[in-house]
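Enquirer: Handing you a structure now.
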Amino acid sequence: MSAGLRVLPLRPFYPQDLAYLRARLDARVELLEPASYADVDLAAAAEGADALLGGAVSGGVLARASKLKLLQVPWTGVDTLDFPLLKKHGVTVCNSHSNADAVAEYALALLLAAVKSIPLHDASLRQGEWLRPRRDGGGFTPPRLLAGGTIGFIGYGAVARATARLLAAFGARMVGVASHARTPAPVPLADLRGPESLHAMLAECDAVIVSAPLTPRTRGMLGAAELACLKPGSSLVLVSRAELVDEAALYDALKSGRLGSVAIDVWRDQPAAGETGFPSKSLPFHELPNAVLSPHRAGFAAGQLPHLGDAAENLNRLVDGRPLINRVDLDAGY
């Protein structure tokens with residue numbers, strides 16, 4: 001059994017977050033409390049820390065953290081990290097995928113809301129409008145079937161795998177594009193190809209779920225050309241990072257009706273806590289009847305804090321000297 005482990009949070013956590021962690025951490029793991037979260041106070045506290053808990057960290061903090069064994073990111077996205085700096089200091093970085101089931105369920109809900117036009121019908125019925133079929137063919141938006149269609153995944157990490165398991169019951173063919181092709185494709189996918197096959201995969205799909213990490217290679221990977229590859233009337237679900245998609249091209253595809261519907265949980269213009277605002281500062285997505293809008297909510301679950309599960313697991317593994325999970329590749333950026 002090893003000695004204790006001193007963990008320095010890099011940002012203030014909510015009391016319920018700290019309670020959740022303490023209830024799951026080994027008694028030998030101590031959560032430090034810096035004098036403040038200003039860089040100078042974090043640097044001072046880092047001198048006694050074995051692990052850091054949080055996201056972006058400065059060179060000043062790393063320079064003082066002479067005992068540092070781990071930077072544990074308590075969420076999935078690591079696109080805000082300074083990878084060259086972390087490599088310079090030889091820091092081991094791990095992130096968290098323990099909210100994958102929560103995000104997968106939400107992705108499924110968003111997909112169904114988009115392909116069935118549920119928000120549109122809900123809003124219309126609240127105004128007394130039933131949107132029944134007309135003789136001229138207008139005014140009616142029928143739900144579309146997933147069964148018999150093709151659902152694509154961009155990125156095939158923990159969230160996509162969990163979502164695919166849920167979708168297996170719908171009777172749709174499922175394909176994917178990831179950083180590396182896999183042959184044979186992992187069940188339940190029919191095919192998992194490399195990034196060079198993105199356009200070809202999009203052309204097959206009736207719906208696409210985007211859960212790839214944000215890296216220099218994936219930033220802006222879905223632009224006007226890629227969106228034009230999708231079948232007319234298809235749906236897009238975005239649950240990882242907004243910067244993967246060209247926002248203007250997406251708006252144009254929705255506005256024109258070329259893209260049937262979209263469901264988005266992540267946004268570039270997310271307001272700070274306590275502030276209000278529409279999801280996009282530049283484009284009125286909130287006015288589009290074929291857009292399902294969600295306020296970055298997928299990773300949460302009532303009565304739980306699933307994103308912190310892997311963080312507690314890794315800190316317990318570290319104090320025990322066991323192998324860590326979810327190591328981040330500092331060269332690949334995820």
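The values are calculated or read from the model by the stated rules, or taken from the named source; none is laboratory data. Quantities reported herein were computed from a predicted structural model and do not represent experimental measurements. Neighbour counts run over all protein chains shown; Cβ positions are idealised from the backbone, glycine included. To get the accessible areas, we keep the full protein, side chains included, count just its heavy atoms, and leave off ligands, DNA and RNA. Shrake-Rupley method; radii C 1.70, N 1.55, O 1.52, S 1.80 Å.
Enquirer: Only one of these is exposed (fewer than 13 other Cβ atoms within 10 Å of the Cβ), among the aliphatic types (A, V, I, L, M), without any contact (Cβ under 8 Å) to a residue 40 or more places away in the chain and more than 26 Å from GLN304 (Cβ to Cβ): LEU125, LEU85. Name it.
Expert: LEU125
Enquirer: The conditions are (1) touching a residue at least 12 places away in the same chain (Cβ under 8 Å); (2) loosely packed, with under 13 Cβ neighbours inside 10 Å; (3) within 22 Å of the chain's Cα centre (by Cα), and ALA272 fails exactly one of them. Which is it?
Expert: (1)
Enquirer: Of the conditions (1) open to solvent by 20 Å² or more (accessible area, probe 1.4 Å); (2) in contact with a helix residue (DSSP H, G or I) (Cβ under 6 Å, 6 or more places away or on another chain); (3) not in a helix (DSSP H, G or I), SER96 satisfies every one except a single condition; which number is it?
Expert: Looking at each condition in turn, SER96 falls short on (1).
Enquirer: So which of VAL78, VAL40 is assigned to a helix (DSSP H, G or I) and among the β-branched types (Val, Ile, Thr)?
Expert: Among VAL78, VAL40, only VAL40 is assigned to a helix (DSSP H, G or I) and among the β-branched types (Val, Ile, Thr).
Enquirer: Next up: ALA225 passes all but one of (1) assigned to a helix (DSSP H, G or I); (2) within 19 Å of the chain's Cα centre (by Cα); which number fails?
Expert: ALA225 satisfies every listed condition except (2).
Enquirer: Of the conditions (1) free of Cβ contacts under 8 Å to residues at least 60 places away in the same chain; (2) within 30 Å of ALA242 (Cβ to Cβ), LEU70 satisfies every one except a single condition; which number is it?
Expert: That leaves (1) as the condition not met.
Enquirer: Of the residues GLY60, GLY90, GLY54, which single one is at positive phi, open to solvent by 20 Å² or more (accessible area, probe 1.4 Å) and not β-branched (Val, Ile, Thr)?
Expert: The conditions single out GLY90.
Enquirer: OK, next. Write out, first by first residue and then by second, each pair whose Cβ atoms fall under 9 Å of each other, whose residues are 6+ apart or on separate chains, and whose first residue, in region 131-159, is closer than 25 Å to ALA181 by Cβ while the second is open to solvent by 30 Å² or more (accessible area, probe 1.4 Å) and part of a strand (DSSP E or B).
Expert: Final answer for the pair search is GLY149/ARG173; THR150/ARG173; ILE151/ARG173; TYR156/ARG182.
Enquirer: Looking at region 169-196, I want the residues that are touching a residue at least 24 places away in the same chain (Cβ under 8 Å) and have a partner that is charged (D, E, K, R) and open to solvent by less than 100 Å² (accessible area, probe 1.4 Å) with Cβ atoms under 6 Å, at least 6 apart or on another chain. Which pairs are those?
Expert: Listed by first residue and then by second, the contacts come to VAL175/ASP191; VAL177/ARG193.
Enquirer: Within region 280-294, which residues are farther than 13 Å from LEU238 by Cβ, free of Cβ contacts under 8 Å to residues at least 60 places away in the same chain and of a type outside the set (Asp, Glu)? Don't jump to the end; show me each part of the working.
Expert: Start the filter on region 280-294 by keeping residues that are farther than 13 Å from LEU238 by Cβ, which leaves 281-284, 286-290.
Filter once more, keeping what is free of Cβ contacts under 8 Å to residues at least 60 places away in the same chain: 281-284, 286-288.
Of everything in region 280-294, those that are farther than 13 Å from LEU238 by Cβ, free of Cβ contacts under 8 Å to residues at least 60 places away in the same chain and of a type outside the set (Asp, Glu) turn out to be LYS281, SER282, LEU283, PRO284, HIS286, LEU288.
Enquirer: I need the full set of residues from region 151-168 which are within 17 Å of ASN99 (Cβ to Cβ), crowded, with 24+ Cβ neighbours inside 10 Å and in contact with a helix residue (DSSP H, G or I) (Cβ under 7 Å, 6 or more places away or on another chain), in order please.
Expert: VAL159, THR163
Enquirer: Across region 248-269, what is the total count of residues that are surrounded by fewer than 21 Cβ atoms within 10 Å (Cβ to Cβ) and within 24 Å of GLY77 (Cβ to Cβ)?
Expert: Selection size over region 248-269: 5.
Enquirer: Additional query: With the condition being on the phi < 0 side of the Ramachandran plot and β-branched (Val, Ile, Thr), I'd like the helices (runs of 4 or more DSSP H) fully within region 117-218 carrying at least 2 qualifying residues.
Expert: The helices (runs of 4 or more DSSP H) meeting that bar are 158-167.
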